[in-house]
Amino acid sequence: MHNTVHFVLQAKGGIGKSFVSTLLAQYVIQETGAVRCFDTDQENTTFMHYAALAVRHVALAEASRIINPKRFDVLMEALLTESGNFVIDTGANTFSNLLAYMVDNEVFGLLRDAGKTTYVHTIVGGGDTLADTANGFYAIAQTVRAARLVLWFNEHFGE
């Protein structure tokens, strides 16, 4: 595992994005010895609170939840110019705008062309979260082409 980028995306808040990000980061450290972590959540910077992971916060959106290209470029500059492995935890509140921005600007293709193996991790929850999280998964599956999609199941709310 070298030169990987792991985005954790899901429209539903509280479904386990930061938990999955933490698991991924620990796994990457175990396998490679190092990882660079980013938390892009506008409101709930849970991932950033894991001090041992040295997570860097990059607020990608304005208060209106519109993605700010200059802020996004800070993240992309690191992903495109630095080697190594990355885990990016995203926020539910910017999911639709962030996914659309990344697809419209061919982010996944740019990363692939830069020699990065890119993964999009998403979580589908059970119980009363199933419809919302399945819709988030569907949005990702319909739009992301130049990345590998990893589906996590979270049965905390039911099967």
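DSSP finds beta bridges in region 61-159, and of those with both partners inside it, around 10 percent are antiparallel. About its Cα centre, the chain has a charge dipole of approximately 260 debye under the convention of +1 per Lys or Arg Cβ and -1 per Asp or Glu Cβ, with nothing else charged.
Between residue 57 and 39, the built amide H atoms are under 5 Å apart, and every one of these is 5 or more places off in sequence or on another chain.
Would you work out if region 11-120 is rounded, prolate or oblate? Take a ≥ b ≥ c from the square roots of the eigenvalues of the alpha-carbon gyration tensor; rounded if a/c is under 1.5, else prolate when a/b is larger than b/c, oblate otherwise. Here region 11-120 falls in the oblate category.
Distant-in-sequence amide contacts of residue 152, defined by a placed amide H-H separation under 5 Å and a gap of 5 or more residues or a different chain, comprise 122, 123, 124.
Just checking the listed ones, 81, 133, 117: in the Gaussian network model of the chain with Cα springs under 10 Å, the one fluctuating most is 81.
The label-point distance for residue 117 and residue 68, in a model that sets each label 7 Å from Cα toward Cβ, rounds to 3.5 nm.
Residue 29 contributes an accessible area of around 60 Å² to the protein surface, as traced by a 1.4 Å probe with all chains present.
Springs join every pair of Cα atoms under 10 Å in this Gaussian network model of the chain, and among 135, 85, 105 the largest mean-square fluctuation is at 105. Count neighbours as other Cβ atoms within 10 Å of each site's Cβ, and list the trypsin sites (Lys or Arg not before Pro) in region 83-154 that are DSSP loop with at most 12 such neighbours. For trypsin sites (Lys or Arg not before Pro) across region 83-154 that sit outside H, G, I, E and B with at most 12 neighbouring Cβ atoms in 10 Å, the list reads 145. For residue 5, the residues whose amide H sits under 5 Å from its own are 86, 117, 118, 119, ignoring neighbours fewer than 5 places away on the same chain, with H placed 1.01 Å from N.
Under 11 Å from the 7 Å Cα→Cβ point of residue 134, by amide nitrogen: which residues of region 90-108? Correct set: none at all. Just checking the listed ones, 55, 107, 74: in the Gaussian network model of the chain with Cα springs under 10 Å, the one fluctuating most is 74.
Look at where the Cα atoms of region 114-133 and of region 20-87 average out, and the two centres are 16 Å apart. Sort region 100-159 into rounded, prolate or oblate with this rule: let a ≥ b ≥ c be the square roots of the eigenvalues of the Cα gyration tensor; rounded if a/c is under 1.5, and if a/c is not under 1.5, prolate when a/b is larger than b/c, oblate otherwise. Verdict is prolate for region 100-159. Dividing the summed helix terms, -39500 (n - 2.57) for each DSSP H run of n ≥ 4, by the number of residues in the chain produces a 222 nm estimate of -11500 deg cm²/dmol to the nearest 500.
The values are calculated or read from the model by the stated rules, or taken from the named source; none is laboratory data. Please read all numbers here as calculations on a predicted model, not as lab measurements. We place every Cβ from the backbone using ideal geometry, glycine too, and count neighbours over all the protein chains shown. The protein model used for the area step is the full one, side chains on, heavy atoms only, and it has no ligands, DNA or RNA in it. Shrake-Rupley method; radii C 1.70, N 1.55, O 1.52, S 1.80 Å.
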